[in-house]
Structures are given as structure tokens and as C-alpha cells.
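Only one structure is covered here, and it is reproduced in the block below.
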Amino acid sequence: MKGYTGDMIRNVALLGHGGCGKTTLLEAALLATGVINRLGRVEDGNTVSDYDKMEIEKGYSISDSIVPVEYNKVKLNFIDTPGFFDFVGEVNSAMSAVDAALILVDASSGVQVGTEKAWDSCKQFNMPRIFVITKTDKENVDLEATIAELKDKFGTSVVPFDDKDAIAEVVAETDEELMEKYFGGEEFTLEELKTGLFGGIVSGDIAPVLATSSINDEGIKELMQAVIDYVPKASSHAPIKTVDGEEIACDPAGKPVAFVFKTIADPFLGKINLLKVVSGELHTGMELYNSRVEKAEKLGSLFFLRGKNQGDCPGAVAGDIVAAAKLQFTQTGDTLSEKASDIVLPPIEFPQPSLYIAVEPKNKGDDEKISSGLHKLMEEDPSFVLERNSETRQTLLGGQGEIQLNIITAKLKDKFGVDVQSVPQKIAYRETIKATSDVQGKHKKQSGGAGQYGDVHIRFSPSQEEFEFSEELFGGSVPKNYVPAVEKGLLESLNRGPLAGCKVVNVKAVLYDGSYHDVDSNEMAFKIAATLAFKKGIVEATPCLLEPIMHLEVSVPGDYMGDVMGDMNKRRGKILGMEPKAGGGQKLVAEAPQSELFDYAIVLRSMTQARGSFTMTFERYEEVPQHLAEKIIAAHKEDEA
């Protein structure tokens with residue numbers, strides 16, 4: 001593939017609901033330009049962009065795939081994105097590298113949830129957009145009805161490319177002089193129409209519509225020409241602000257700067273990084289600096305990717321997209337530049353995980369393999385997280401939904417030979433006290449030779465602090481050198497409460513008396529005495545169980561608010577308030593126990609037809625209701641038996 005200058009490059013993401021025809025559209029574009037000689041089918045697993053083994057098995061895209069198409073001497077860098085909502089991180093990665101988006105709409109299905117999410121994504125990234133109605137070859141397709149539905153959902157900015165009157169009307173609204181000419185009854189010149197349409201698309205005020213049939217090769221070349229004419233040139237990308245506020249222009253003569261927007265774990269080549277050339281020019285052998293790891297990286301092998309196929313890369317200029325293999329330290333979101341420049345571009349924003357599952361190896365001893373494999377998979381998909389809960393001792397995977405997490409565990413087995421199973425997620429309950437107690441802890445042991453003797457009197461009471469310890473000793477009842485051993489014994493005891501073996505918090509302990517033996521007393525004896533006092537003291541101070549309470553902010557279309565509120569009440573949740581959201585819908589603010597929220601991401605998606613979303617953060621601990629606490633304590637005792 002020959003090198004292109006930035007003004008002859010267009011970077012475009014393909015968005016839309018799962019199954020709307022993104023992958024097949026690219027097949028049609030490659031067929032129309034002579035790259036392939038027959039149209040691949042997703043069902044047959046032989047398309048250019050869905051080449052990953054898992055994608056072929058599942059029959060849908062699970063990661064971004066770049067497919068350059070050369071048409072009329074222009075290079076169109078298309079990025080095929082997954083349609084399932086679990087892979088929104090892939091969409092965000094693609095949007096960081098493109099200058100416009102095509103939103104594909106299945107002619108027979110019309111506007112779907114994925115269409116709405118694609119539109120919202122374009123608004124989020126301030127991205128010019130063009131609607132592409134696909135599969136017009138299907139029976140009983142009503143093209144006009146689909147366009148009307150788009151207009152009804154997304155407003156008057158939606159206008160068909162072939163409706164000259166409608167185009168003239170929306171173009172008139174983009175410029176005062178054109179508005180005067182329009183109302184004066186004058187016709188626009190072709191140049192005025194094209195200029196006005198381009199400006200309206202770039203500003204987001206116009207979202208034109210094209211119709212295509214990939215199967216019948218209808219509208220494909222027209223679509224590519226529209227992309228050439230109405231999508232901003234790669235070279236015209238607005239300057240990007242660094243994290244330090246410096247602006248980096250898309251200048252081929254500028255200092256080399258590249259942004260890593262995607263990483264691929266290739267089973268044969270190893271790691272491949274996809275780079276958007278932000279400034280300057282890249283070429284094989286160039287050494288660039290990665291500020292995050294403070295190390296230099298040599299671009300030993302640069303190439304263009306089309307699906308899994310590689311093409312020669314004589315050099316990539318500002319605005320183009322190129323692949324680099326075998327970079328040692330570089331990851332998705334990193335910036336590469338000259339060391340003297342030390343440029344860092346803003347990282348890709350990935351959504352917070354909404355669903356967590358606990359996993360453990362099916363085969364004992366595979367814990368290290370799990371950790372190693374998951375960290376390598378995180379290079380390819382940074383939108384999922386891996387956490388180790390120190391209190392429950394569980395390994396947690398967090399992501400956007402069941403599909404994503406299932407894909408991750410399947411890849412773990414397929415690529416790294418580690419089989420994991422999902423297990424019930426545990427709650428990090430805690431224990432505290434609601435009253436006071438005054439107890440003695442005495443450890444006395446005589447078994448020939450030197451004995452052990454430690455005796456302490458401790459008052460326990462509730463505290464606002466996690467743990468407080470002080471001493472009020474007098475008269476040398478306990479030598480001062482044994483006090484640290486008493487405190488250490490209490491601190492170690494906090495890790496396992498008497499009710500359900502949970503961490504004990506919000507306790508104050510005051511050592512005020514005791515006794516010792518000149519020969520048999522030592523630090524260990526007083527440590528054990530403190531442990532005995534703790535066990536007795538906590539039980540006598542009315543212990544109770546605490547559970548984590550989460551703060552939720554739920555974004556919901558108004559039509560589903562009643563169902564969402566009703567469901568929250570069933571989860572022992574408290575509604576704290578509601579407020580309207582810009583662009584429609586409501587934000588529901590609530591609190592609920594973590595134990596009631598493990599499946600919330602799944603249920604909310606089902607209740608709102610995937611239109612609802614939420615964020616969740618830890619708020620505080622609260623006492624568990626008595627009837628539930630009894631069940632938790634009973635289950636713990638059963639496990640201990």
C-alpha cells in the first residue's frame with residue numbers, strides 16, 4: 001500500500017447496533033475496489049475484519065479492526081467497531097483515532113438501541129456523522145419509513161443525500177448569506193451546496209443519510225465518494241491538547257508524535273500496537289520516547305493492517321494510521337514522541353465496570369497463570385479490570401456485561417490454557433460493637449521450666465475511628481515494655497470477629513490494669529492475654545454485623561423510571577433524588593447494599609432495553625438487618641464446622 005499525504009486520507013469509524021451490517025459493508029467496499037474477488041460472510045467466518053478466532057466462533061465483532069480502502073486515489077481508513085454494548089471500550093478507542101463516524105442502520109429493523117448509543121457516542125466525542133441505511137435488498141423494506149424514524153428520533157438535522165430540497169433547506173441554516181439567498185428564492189450553486197453541506201456535517205448540524213445494499217453492491221461507491229467529499233481530511237484535524245496544555249497540530253513537517261489507540265495480541269507476531277500519527281512522520285527504525293515508562297522504543301517493524309493482513313509501510317505521515325510490532329513497553333493510551341519533546345496526550349476514557357464476577361482456577365496452582373494471562377489480555381482490552389479483594393480473598397473481573405466477561409474467560413483458556421470458573425461473589429462484611437465491656441484476659445501456662453504469664457484488664461467501647469488504643473496503667477501493674485505486645489495482640493485480633501469471622505472496626509480499647517510475673521511474663525504472654533480479652537470483650541459489647549452500602553447514579557429514559565424505582569426498592573435501596581438529564585431522561589440517585597447489586601447491570605439492561613446505565617461507588621458501612629445477619633452468621637458457622 002503506497003504512502004498517502006494527510007489530505008488524501010479519511011479516518012472513519014463504523015458504529016451501529018449488533019448485526020446492522022458494518023463488517024459486510026466493508027466486504028462490499030473491498031470487493032468494489034478489487035481487493036477481494038468475492039463477498040465474505042460473517043456466518044461463514046471468512047470476512048476481512050472479523051478474523052479473530054473468537055469472532056469467527058461467535059459470529060460477531062468483539063474488537064476494533066482497521067480496514068483501509070483505496071478509492072479514487074484516497075485512502076479511507078475504516079475502523080469496524082463491535083455492536084454489542086459490552087465492548088463500548090472498543091468504540092471509545094476507535095473514536096480517539098478518527099475524524100468522523102458512519103452510523104449504520106438495518107433497513108428492516110430501523111432505529112435500535114445501538115443506533116441511539118452510536119449517536120450519543122458521536123455527541124460525546126463531538127464527531128461528524130453520516131447515517132448509512134443497510135440491507136435495502138431485504139423484502140418489505142420501507143426506506144422512507146426508516147428515514148422518517150431517524151428524523152423523529154434524532155431531529156431535523158437528518159436529511160437524505162438525494163433530497164436536494166431538504167439539503168438546500170438545512171444548508172441555508174448553516175450560513176446567514178445562504179439563508180438570505182434561500183428565502184429570496186434563489187437556487188444554490190453546486191459549490192455552495194457542497195460547501196454548506198460539508199460545513200454542516202463537520203459542525204454536527206447536519207447528519208445526512210445514504211442507502212446501501214452490500215449484497216447487491218448498491219450505493220457502496222457512492223458512500224465512499226461521500227466520505228471523500230464530506231468527511232474532514234486527516235490533515236485538517238484540529239490541534240490536540242496535551243495533558244500540559246500544549247497544542248499539537250496535524251503537521252507532516254512537525255515533530256513526530258504518535259498515539260496508541262489499540263493493542264492486538266497476535267498469536268504469531270506477539271503484541272501489535274495501532275498508532276495514530278498525530279504529527280510529523282514515522283518510519284521503520286525510528287526511536288521514540290514513551291513518557292509513561294520513561295523508556296525509548298525503537299520502531300523496528302512498521303506496517304499497514306487490513307484486518308489481519310499486513311501491507312508494506314514506506315512511511316506514515318500525520319493523520320495516518322499504522323501498526324507497530326514488538327514494542328516492549330508501550331500500551332494502549334500511550335504517547336510516543338522525541339525524548340526532548342516529552343509529549344503526553346490525554347488517555348482514552350474507558351467506562352467504569354458495571355458488572356463484577358469472582359473467578360477461581362479449576363485446577364489448583366493456576367493462580368499465577370490466571371494473573372499473568374489476564375494482565376496480557378488487559379493490554380488488548382484495557383476496559384476490563386482485575387482486582388484482588390484482600391478481605392474476601394477473591395479474584396474479581398470487572399467489565400461492562402456478561403458477554404465481555406465470558407469472552408475474557410474464554411480467551412484465557414484458549415490463549416493461555418487456563419480454565420477458570422465463576423463462583424459466588426463474597427461480601428466484605430465487617431463487625432463492630434454497639435455497647436461497652438470491661439473484661440480480663442489472663443494467660444497462664446506452666447509446663448516445666450519457664451512458664452508464661454500475662455494478665456490484662458481492658459475496656460472496649462464504640463469509636464468513630466477504625467481502631468483506637470490507649471493505656472491508663474498505674475502503679476506498675478503492667479510494665480510499659482509489655483504494652484506494645486498488648487496492642488499488637490489486639491490489632492491481629494481485629495482481622496477475625498466473633499460473629500462471622502469478619503474484620504472488626506470502630507472499636508476503642510483501653511488497657512487500664514493487669515498483673516505480671518517477674519520470671520514467667522514476656523511479650524508473647526501479654527499478646528495472648530490481649531487476644532483472650534478481645535474475644536471476650538467484643539462478645540460482651542453487643543457485637544453486630546456491618547455491610548457495605550453503595551452510592552448509585554442511574555441514567556434512565558423517563559419511560560422506564562417506574563420500573564427502575566420499583567426494582568431499587570426491592571433491593572433494600574433508598575431513593576435519594578431525581579434530576580433531569582441534558583438531552584432527555586432522568587438521573588436517579590440512590591443507595592443500596594452491595595449484596596443486592598451483584599446482578600444490577602444485567603437487570604437494568606433488561607428492564608430498560610439496554611438504554612439505562614449507572615455508576616456505583618462505595619459510600620459507607622451500615623448495620624445488617626437482624627434477620628439477614630442471623631443467616632450470614634449461621635452460614636459462616638456451617639462453613640467452619
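The values are calculated or read from the model by the stated rules, or taken from the named source; none is laboratory data. Bear in mind that the values here come from a model prediction, so they are computed numbers and not experimental data. We place every Cβ from the backbone using ideal geometry, glycine too, and count neighbours over all the protein chains shown.
Residues checked against (1) touching a residue at least 60 places away in the same chain (Cβ under 8 Å); (2) not assigned by TED's automatic domain parsing to the domain that holds Asp86; (3) not charged (D, E, K, R):
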position: Gly585; (1), (2), (3): no, yes, yes
position: Pro593; (1), (2), (3): no, yes, yes
position: Glu596; (1), (2), (3): no, yes, no
position: Ala601; (1), (2), (3): yes, yes, yes
position: Thr615; (1), (2), (3): yes, yes, yes
Just to be sure before I move on: is Asp86 acidic (Asp, Glu) and in contact with a Lys or Arg (Cβ under 9 Å, 6 or more places away or on another chain) in the structure I sent? no
Single match in Ala258, Ala211, Ala253 (criterion: of a type in the set (A, V, I, L, M), surrounded by fewer than 16 Cβ atoms within 10 Å (Cβ to Cβ) and either under 19 Å from Ser337 (Cα atoms) or assigned by TED's automatic domain parsing to the domain that holds Arg38 (or both)): Ala253
Wholly within segment 461-573, strands (runs of 3 or more DSSP E) carrying at least 2 residues that are over 30 Å from Glu431 (Cβ atoms): 543-556
Residue hits (segment 213-252; aliphatic (A, V, I, L, M) and either part of a helix (DSSP H, G or I) or within 21 Å of Arg10 (Cβ to Cβ) (or both)) are Ile220, Leu223, Met224, Ala226, Val227, Ile228, Val231, Ala234, Ala238, Ile240, Ile248, Ala249
Selected residue (criterion: nearest to Val158 (Cα to Cα)) from residues of segment 115-139 that are among the basic types (Lys, Arg) and part of a helix (DSSP H, G or I): Lys123
Is there a residue being in a helix (DSSP H, G or I), hydrophobic (A, V, I, L, M, F, W, C) and touching a Gly at 6+ places or on another chain (Cβ under 8 Å) anywhere in segment 81-100? yes
Scanning segment 574-603 for residues that are assigned to a loop (DSSP other than H, G, I, E, B) and farther than 17 Å from Ile427 by Cα, the one modelled with the lowest pLDDT turns out to be Gly583
Looking only at segment 229-276, which residues are more than 30 Å from Ser203 (Cβ to Cβ) and among the small types (Gly, Ala, Ser)? Ala265, Gly270
Between a first residue in segment 123-152 that is in contact (Cβ under 8 Å) with a residue 12 or more places away in the chain and of a type in the set (Val, Ile, Thr) and a second residue that is surrounded by fewer than 16 Cβ atoms within 10 Å (Cβ to Cβ) and in a strand (DSSP E or B), which pairs have beta carbons less than 8 Å apart while being 6 or more apart in sequence or on different chains? Thr136/Glu218
Filtering segment 383-415 down to residues that are over 19 Å from the mean Cα position of the chain (by Cα) and crowded, with 16+ Cβ neighbours inside 10 Å, which residue is farthest from Ala358 (Cα to Cα)? Lys415
I need the full set of residues from segment 604-613 which are of a type outside the set (Val, Ile, Thr) and either part of a strand (DSSP E or B) or in contact (Cβ under 8 Å) with a residue 40 or more places away in the chain (or both), in order please. Leu604, Arg605, Met607, Gln609, Ala610, Arg611, Gly612, Ser613
Residues in segment 6-47 that are touching a helix residue (DSSP H, G or I) at 6+ places or on another chain (Cβ under 7 Å), closer than 30 Å to Ser279 by Cβ and not in a helix (DSSP H, G or I) total 7
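Conditions tested, residue by residue: (1) surrounded by 19 or more Cβ atoms within 10 Å (Cβ to Cβ); (2) not in a loop (DSSP other than H, G, I, E, B).
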{"position": "Val418", "(1), (2)": "yes, no"}
{"position": "Ala428", "(1), (2)": "no, no"}
{"position": "Thr432", "(1), (2)": "yes, yes"}
{"position": "Ala435", "(1), (2)": "no, no"}
{"position": "Val439", "(1), (2)": "yes, yes"}
{"position": "Val456", "(1), (2)": "yes, yes"}
Looking only at residues that are more than 56 Å from the chain's Cα centre (by Cα) and of a type in the set (Ser, Thr, Tyr) in segment 442-478, which one is nearest to Glu523 (Cα to Cα)? Tyr453
Residue list for segment 154-176, filter: crowded, with 16+ Cβ neighbours inside 10 Å and not in a helix (DSSP H, G or I): Ser157, Val158, Val159, Pro160, Phe161, Glu173, Thr174, Asp175
Would segment 342-352 turn up any residue that is outside the structural domain of Gln594 (by TED's automatic domain parsing), buried (at least 21 other Cβ atoms within 10 Å of the Cβ) and not hydrophobic (A, V, I, L, M, F, W, C)? no
One residue is enough: does segment 446-465 have a residue meeting the conditions of a type in the set (Val, Ile, Thr) and modelled with pLDDT under 95? no
